[in-house]
Amino acid sequence: MKLKFVFILLMSVQLVVAQHQNQLWYDEPADNWNEALPIGNGRIGGMIFGNAAKDQIQLNEETIWAGEPGNNVPEGTYANIEEIRKLLFAGKYKEAQDLSNATFPRRPPEDNNYGMPYQTIGSLWLDFDHNDVQNYKRSLDIENATASTSYTLNGVEYKREYFVSYPDQVMLIHLSASEQGKISLNLKYTTPQVKNSVVVQDNALVLKGISGDYDNKTGKVKFQSIAFPQLTSGKLIENEDHLRIEGADEVTILVSIGTNFKSYQDLSGDPEKIAQQFLDKAKSKSFSTLRKDHINDYQALFNRVSLDLGNQNTDSQKLPTDERLQKFATEEDLSLVALYFQFGRYLLISSSRAGGQPANLQGIWNHDLTPPWDSKYTVNINTEMNYWPAEVTNLSELHQPLFKMIKELSETGQESATEMYKARGWNMHHNTDLWRVTGIIDGGFYGMWPMGGAWLTQHVWQHYLFTGDKEFLAEYYPVLKGIARFYADVLQEEPENQWLVVAPSMSPENKYQDGVGVSYGTTMDNQLVFDVFSNAIKASEILETDKEFRKELEAKRKRLPPMQIGKISQLQEWIKDWDREGDHHRHISHLYGLHPSAQISPFKNPDLFQAAQNTLTYRGDKSTGWSMGWKVNFWARLLNGNRSYDLIKTQLTLVKDGTEEGGTYPNLLDAHPPFQIDGNFGCTAGIAEMLLQSQDEALHLLPALPDSWKEGTMKGLKARGGFEVAINWKNSQPQVVKIESKNGGVCRIRSEVKLFSENGKELKLAKGESKNSYYRKPEIKKPLVSDKVEFSSLQLPTYYVYDLETEKNKTYLLKSN
């Protein structure tokens, strides 16, 4: 009982500390978009600028994309793909790249499309006559998902609150003042959308529009945004294109948005009806009720995980967040690291909710009609990285929009598999959009990568490993089977070793000769196909189906190329030893087998482990924002917490608008630059990997703890097998560990210190292979090693490995010496 009391007390203290930590705040309004504060409910997004005189709320709705339904699969390209294969196998790499570029031009012909951009609605403006204010503060409280702006003018205290409710599907803007009758403003809409109108009707301001035309596609997403003010006292004056509010005590503005989008192939919805229905429902409730329901819904997700890294720098928390970022370069601020971790969880909750679209390249926040990279779903790393925190940081439900998109891609992807490759199953390339296109985007260099479905479906399998949800696995088994069927059909026998390889393909966005990236049998492709086959094999065993197909996959898996270690002791990126020691490319795709996969282990294949470390060292640390986020995870998997933390420090470098280096903007959004949200999600996942891992056949406690994180408390992280974990540590060692078993079964634990049960008895030492099926992984091939390679003996800590027998829905408290 004493152990339980100590643990509960520690958690309570941590929760109080966290409530003060989890806030971004500033003493000036946003000067540009990269200083504005994001709010959202998965469907509706807003960026809050907070100017006292003229406040801008830039608006998004997740289904407002340019264009219309339709795939982008070209006809008549199969013969050229066959010819590209022949050229590659003949060693004519430049000729193969030239044919790929000619077959799939960077700008497509009129009968094709390039992929559509995600677009803004426009902005809602609150125009006040408020200048020369005092005591200004603008903040975002990620503890309750509410932004606010406050200041004093002529002795009157003004406050604005902003949030977007998931239960009620509206944005709320609440205006209050310390004296009655002091709130007066104009309410206006502006939009860059060409096809639009703004009208005043029924005491509301209404923006109507249609998304933009792009390439050869006509914009057909119709939308309506209604801003409806509710006044306490005062007067509402209707004008032709704006509303005037005068002398109110307080004002609540409800913003409701609807579109005609029903699915990627159906635009028969009624935007006016949808927006009005959400508005009418919200109008019937008080602001306090709407706020309470919003916070309860949000905190049910957010409060599952808390993190305290000790060393609370209370002085730094008194500084505005941009100043904290600036100061972080020279003064350690672990509470800022914890805030950054939780900010990533806040962004995922705010941009990916059940029933909606997945978070795109900018989540749901975008102020352009043609944003960088169109804010599409780039699936050669970026979309996947968005969802790395979903399982481990206890937000499994937020994976649902991605799963829905994968299922839809398995439908549209049958067209690209059949037409382009004469294969069964389904596939896609490196990019897609709202319309679920699966053909090549960005031309024959960047786009000739038929592996997007292979990587996306790993999320389906990982969700099963974390949750043990067999019904989910059965529902998505056809998706896993379909992608495995595609690769079983398209694998080619290469001429030198008779390995089965994907051809043509590339190692994402990199090249091995000047202007030449198209290739065959790249390391990442081999790793991905290995995982695709392994997942389908294991799923078919669990579901007791497709025995003959399973045998086919097992046979073909044996013929995949092994990973290879090259002449500079690196993990080879390509099938031949073409790596360059001076290559600092942002993509390090061949380390997919280290993270997010688990094919490279210090315990099972130390040579590959060291080769991966050498590769990462050659590539260097400083890079684009998302690339640094991935490297945090890489170094965590390499059990090097200090190097992971160095990457976090580099990532938390303040980037001003217009700077061309990666880091973090004043509003804590990731700077690629420009803004890409995947860097935020990658770092959040990386911090979790530093504290808890479960991919390498055991639940590994504090596997990559930096030297400076000497004490702290974490609760709520998830491990494969359905385990929820909390740890209190001191002197860099776990003191108290709480494990909640959702599914029961054996929990294998890896720890640098001995662990004891509540009654003081040391846990049972593990023997043999783990009995927990969620931890078992198939053996990979022994790597091929260049005769020039020399490795020193791998030095690892001494680990205690235990097997803890657990029962479903029971909790276990453990302690160290």
For every helix of n ≥ 4 consecutive DSSP H residues, a contribution of -39,500 (n - 2.57) applies; sum these over the chain, divide by its total residues, and give [θ] at 222 nm rounded to the nearest 500 deg cm²/dmol. -10000 deg cm²/dmol
Taking square-rooted eigenvalues a ≥ b ≥ c of the alpha carbon gyration tensor, is the range 700-817 rounded, prolate or oblate, where a/c under 1.5 means rounded and, failing that, a/b exceeding b/c means prolate? oblate
Once you order the gyration tensor axes a ≥ b ≥ c over the Cα atoms, which shape class does the range 767-817 get: rounded for a/c under 1.5, otherwise prolate or oblate by comparing a/b with b/c? oblate
Positive-end residue of Ile245, Leu500, Asn759, charge dipole of the chain with Cβ unit charges: Asn759
Count neighbours as other Cβ atoms within 10 Å of each site's Cβ, and list the chymotrypsin sites (Phe, Trp or Tyr not before Pro) in the range 539-641 that are DSSP loop with at most 12 such neighbours. none
Of every hundred units of 1.4 Å-probe accessible area on the chain, the number belonging to carbon and sulfur atoms, as a percent, is 45 percent
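Below 8 Å between Cα atoms, with a sequence gap of 6+, how large is the relative contact order for the range 677-817 in percent?
27 percent
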Qualifying lysines (Cα of each under 18 Å from Cα of Lys137; at least 8 residues distant if same chain): Lys54, Lys159, Lys318
Of the convex hull drawn through the C-alpha atoms of the range 472-581, the volume per residue in Å³ is 117 Å³
Per residue, in Å², the accessible surface of the chain once ligands and nucleic acids are set aside, probe 1.4 Å: 35 Å²
How large is the direction-averaged shadow of the alpha-carbon convex hull of the range 343-469, in nm²? 8.2 nm²
How are the Cα pair distances of the chain distributed, in percent, across 20 Å bins from 0? 16, 48, 31, 5, 0
Taking a ≥ b ≥ c as the square roots of the Cα gyration tensor eigenvalues, with a/c under 1.5 meaning rounded and otherwise prolate when a/b beats b/c or oblate if not, the range 298-368 comes out oblate
Å³ per residue enclosed by the Cα convex hull of the range 97-184: 248 Å³
Between the Cα axis of helix 400-421 and the main Cα principal axis of the chain, the angle (0 to 90°, nearest 10) is 50 degrees
Let me check against my output: what whole-number percent is the relative contact order of the range 626-735, with C-alpha pairs under 8 Å and at least 6 apart? 24 percent
For the range 148-203, the percent of all C-alpha pairs falling in each 5 Å bin, from 0 up to the bin holding the max distance, is 4, 13, 16, 18, 19, 16, 9, 4, 1
Can you pull the semi-axes for the range 199-288, root of five times each eigenvalue of the Cα gyration tensor, sorted largest first, whole Å? 31, 16, 8
Please go through the range 39-79 and write out the GluC sites (Glu not before Pro) that DSSP classes as loop and that have at most 13 other C-beta atoms within 10 Å. Glu75
Can you tell me the alpha carbon radius of gyration of the range 465-523 divided by the globular rule-of-thumb value 2.2 N^0.38 Å? 1.59
Compute from the Cα atoms of the range 734-794 the Rg and the Dmax, the latter being the longest Cα-Cα distance, and quote both in angstrom. 17.7, 54
In vacuo Debye scattering of the range 516-557, one point per C-alpha: log10 I(q)/I(0) at q = 0.25 Å⁻¹? -0.80
For the range 459-523 and the range 97-166, write down the distance between their C-alpha centroids in whole Å. 36 Å
With an 8 Å Cα cut-off and a minimum separation of 6 or more residues, compute the relative contact order for the chain in percent. 12 percent
Principal axis box of the range 606-740, alpha-carbon based, largest edge first, Å: 46, 37, 28
When only alpha-carbon atoms are used, what values of Rg and Dmax, in angstrom, describe the range 231-374? 20.9, 57
Added length on full extension, which subtracts the Cα-Cα distance from 0.36 nm per residue, Lys656 to Asp132: 186.1 nm
Could you please state, rounded to a whole Å, how far the C-alpha centre of the range 559-634 is from the C-alpha centre of the range 761-817? 22 Å
By DSSP, what percent of the beta bridges with both residues in the chain are antiparallel, rounded to the nearest 5? 95 percent
Which three semi-axes in whole Å describe the equivalent ellipsoid of the range 537-660, each the square root of 5 times a Cα gyration tensor eigenvalue, listed largest first? 33, 18, 14
Heavy-atom accessible area ranking, 1.4 Å probe, most first, across Thr146, Thr467, Thr289: Thr289, Thr467, Thr146
At 1.4 Å probe size, put Asp469, Asp132 in order of accessible surface, largest to smallest. Asp132, Asp469
Filtered GluC sites (Glu not before Pro), the range 331-387: DSSP coil and at most 12 other beta carbons within 10 Å: Glu331
For the range 32-154, the percent of all C-alpha pairs falling in each 10 Å bin, from 0 up to the bin holding the max distance, is 10, 25, 18, 14, 15, 12, 5, 1
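The values are calculated or read from the model by the stated rules, or taken from the named source; none is laboratory data. It should be emphasised that the depicted structure is a prediction, and the values quoted were computed from it without experimental measurement. Note that each Cβ is placed from the backbone with ideal geometry, even for glycine, and that neighbours are counted across all protein chains shown. What goes into the accessible areas is simple: the full protein's heavy atoms, side chains included, and nothing from ligands, DNA or RNA. Shrake-Rupley method; radii C 1.70, N 1.55, O 1.52, S 1.80 Å.
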